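Remarks on the structure that follows.
The values are calculated or read from the model by the stated rules, or taken from the named source; none is laboratory data. The shown structure was predicted, so the numbers you read here are calculated from the model rather than taken from an experiment. Heads up, the Cβs are rebuilt from the backbone with ideal geometry, glycines too, and the neighbour counts pull from every protein chain shown.
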Amino acid sequence: MNLKIIPRRTFFRGTTLGIGGAFFAPFLRQLEAETVSSVAKPARILFFVQGNGMYPDQIQPQGIERPSEPIRLEDRRLAGHKFAESVAPLEPFAERMSFIHGLSGRVALGNHGCGMGALGCFPSPKDAFAETIDAAMAKALPGIFFHTGLGVETQPGTSIIYNVSARSKGVPLPTQCSPLGAHKSLFSISGGASERQKFNANTQLLDFLADDVKRMQKRLDATEREKLDHYLNAFQSMSGRQGALVQLQERISMSAPEINERFGVNAFAFERMEAQFDIAAGAFIAGLTNVITLSSGAGRNQVGVSFDGSELGLGAGPIPAHEVGHQKTIQETPAAELHVRTRRRHCEKLAAFVRKLESIPEGDGSMMDNTLIVYLSDAADQHHAKAYEWPIIVIGDLGGRLKTANRYLRYPWHGQKGHRTVANFYNTLLHCVGDRRERFGLPDLSLQDLDQEGPLAELLT
């Protein structure tokens with residue numbers, strides 16, 4: 001049957017998806033884009049979180065002045081202004097991106113990186129104090145995989161960490177730092193006969209465990225049965241995901257990136273980052289998830305990745321991120337220049353990801369037309385964050401849901417009338433996917449005289 005000729009409403013009237021509805025959501029949204037142009041467009045978002053601070057003066061477009069403590073909103077066109085060297089690889093996308101300056105986030109302050117506080121707007125020492133924005137977006141944009149966390153750390157043997165994302169209070173979300181591990185968890189069904197055999201065995205095990213829990217429930221009273229419900233729901237959810245993956249096996253196989261030396265423990269950090277971006281693109285293209293967080297040396301008290309000098313156009317040898325943060329000269333190269341080179345390399349990998357999504361047709365345009373990228377540092381504005389200003393770069397408009405094309409925005413300084421916070425920006429993201437809450441995270445108590453609720457009206461369509 002060719003689903004592309006079936007109107008969406010007819011398809012849903014005649015189909016009962018049950019638990020599979022959540023798992024097939026990404027695929028169905030892409031199907032919508034390919035069939036009926038008038039229905040809601042797909043939506044997906046990538047959070048790219050880099051450690052060691054995003055210094056505002058190092059990303060400032062040329063020809064746009066930067067007063068120290070502005071008292072009014074500045075809103076101007078971005079295109080036509082030459083990008084700073086550190087973000088120059090993103091300049092080809094000026095027509096579809098925004099620089100957003102002036103938002104504060106002092107509630108999240110930590111010693112170095114703010115970790116989960118950066119995406120959750122709460123004090124970073126509290127770790128998984130509440131949901132972070134990527135988790136909140138994942139709840140609004142459900143997928144086969146609820147959320148995918150990918151990361152790059154200095155030590156190539158690092159596997160899974162818990163650094164920037166939390167589903168709810170006390171429930172951190174994992175970040176897979178091994179490209180091989182990430183590939184296996186997302187695309188194992190696309191492997192050979194051996195991998196498929198393991199996949200089938202895992203599916204059968206989940207089904208058995210669910211049936212076993214059901215049998216146990218019959219022997220228990222109501223209170224004890226309720227406790228087992230959590231296990232039953234978990235096993236059924238994972239089993240449902242396995243079934244959804246089987247249905248999308250061909251699509252997943254076509255989207256899975258090829259494993260090569262970039263995926264191994266002998267790869268340099270930027271090579272592993274490139275592999276992680278390829279995995280992120282493949283996961284979006286296959287319809288496996290709608291929300292991905294890719295971090296680079298981010299996390300509470302983290303200081304960024306220590307790259308090899310050869311990756312930055314210098315001699316071989318480590319470039320310690322902490323020393324760069326403390327403005328030390330390494331290999332006769334000033335720290336400011338090392339920051340610029342490091343960010344430029346990050347932006348090169350991000351630009352390749354954007355071009356990949358631009359090359360994949362979706363509806364009347366490309367996948368990038370329905371995607372939003374949020375690029376920021378979990379250390380806000382510098383190595384030891386002050387967070388009076390938390391620079392954010394966004395690429396894309398989430399299928400026209402946001403007015404983020406070709407804009408440079410800078411909000412009034414902390415404490416000034418009209419000042420807004422990172423939480424207001426996160427609220428904006430939530431509003432554009434239907435979650436119209438008035439507050440996200442915790443308020444900045446030093447801004448009690450200013451309105452910290454609601455979205456940024458300037459960005460909503």
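Looking across region 418-438, the residues that are surrounded by 21 or more Cβ atoms within 10 Å (Cβ to Cβ) and aliphatic (A, V, I, L, M) come down to V422, A423, L429.
Only a single item in (1) in a helix (DSSP H, G or I); (2) at pLDDT below 50; (3) over 22 Å from the mean Cα position of the chain (by Cα) is not met by T15, and it is number (1). The set of residues from region 311-338 being part of a helix (DSSP H, G or I) and either of a type in the set (D, E, K, R) or in contact with a Cys (Cβ under 8 Å, 6 or more places away or on another chain) (or both) comprises E311, E323, E337.
Taken over region 424-461, the criterion of being β-branched (V, I, T) and in contact (Cβ under 8 Å) with a residue 40 or more places away in the chain is satisfied by V433, T461. Is it the case, given these coordinates, that N266 is in a helix (DSSP H, G or I), surrounded by fewer than 17 Cβ atoms within 10 Å (Cβ to Cβ) and either modelled with pLDDT under 95 or not aliphatic (A, V, I, L, M) (or both)? Considered against the rule, which asks whether it is in a helix (DSSP H, G or I), surrounded by fewer than 17 Cβ atoms within 10 Å (Cβ to Cβ) and either modelled with pLDDT under 95 or not aliphatic (A, V, I, L, M) (or both), N266 comes out as no. Of everything in region 116-135 that's at pLDDT 95 or above and among the small types (G, A, S), which residue is surrounded by the fewest Cβ atoms within 10 Å (Cβ to Cβ)? Applying the filter and picking the extreme gives A130. In this structure, N290 does not qualify as assigned by TED's automatic domain parsing to the domain that holds T175, at pLDDT below 95 and of a type in the set (S, T, N, Q).
Residues considered: G415, G441. Of these, the only one that is crowded, with 18+ Cβ neighbours inside 10 Å, in the same structural domain as E69 (by TED's automatic domain parsing) and in a loop (DSSP other than H, G, I, E, B) is G441. If we scan region 356-365, do we find a residue that is crowded, with 21+ Cβ neighbours inside 10 Å, in the same structural domain as V291 (by TED's automatic domain parsing) and touching a Cys at 6+ places or on another chain (Cβ under 8 Å)? Within region 356-365 (the criterion being crowded, with 21+ Cβ neighbours inside 10 Å, in the same structural domain as V291 (by TED's automatic domain parsing) and touching a Cys at 6+ places or on another chain (Cβ under 8 Å)), the answer is no, since none of the residues qualifies.
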